[in-house]
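The next block holds one structure in the form of structure tokens; read it before the comments.
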Amino acid sequence: MWLTILGMSAVSYALRVTMLVTRWRFPTWLARGLASVPIALFAALAVPGLLRPHGQITIGPELAAGLVAALVAWRTAGRMPLVIGAGVGTFLLVRLFS
């Protein structure tokens with residue numbers, strides 16, 4: 001396991017140093033594709049918690065809060081205080097009235 005971690009660290013470090021020293025840039029098509037990686041990673045981390053908060057697929061306050069927060073993020077260009085407030089508020093209201 002430690003050998004794998006050290007190997008991954010060495011490869012990551014070598015790639016970063018190479019990019020800094022040589023001023024090499026990704027091709028345009030690859031840079032456009034890599035721009036979507038953070039969004040995909042966030043979705044991969046967030047969606048299971050919204051759809052399966054207790055280990056099985058349920059439609060509950062978590063999903064409602066996630067949908068409302070996503071809508072508010074889209075409409076307000078991602079202003080985080082509004083997004084968090086809308087998500088938490090929706091979660092609490094759904095839990096209160098269900």
Report summary line: Per the filter on the range 1-29, residues more than 25 Å from the chain's Cα centre (by Cα), in a helix (DSSP H, G or I) and among the aliphatic types (A, V, I, L, M) are Leu3, Leu6, Ala10, Ala14, Val17, Met19, Leu20, Val21
Report summary line: When the range 48-81 is checked residue by residue, the ones that are more than 16 Å from the chain's Cα centre (by Cα), surrounded by fewer than 12 Cβ atoms within 10 Å (Cβ to Cβ) and part of a helix (DSSP H, G or I) are Pro81
Requested in this report: Could you tell me whether any residue of the range 32-43 is touching a residue at least 24 places away in the same chain (Cβ under 8 Å), surrounded by 10 or more Cβ atoms within 10 Å (Cβ to Cβ) and assigned to a helix (DSSP H, G or I)?
Outcome: no
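Each reported figure results from applying straightforward, stated rules to the coordinates on display, with no laboratory input. Here the structure is a predicted model, which means the values were calculated and not measured. Using ideal geometry, Cβ is built from the backbone for each residue, glycine included, and neighbour counts are taken over all protein chains shown.
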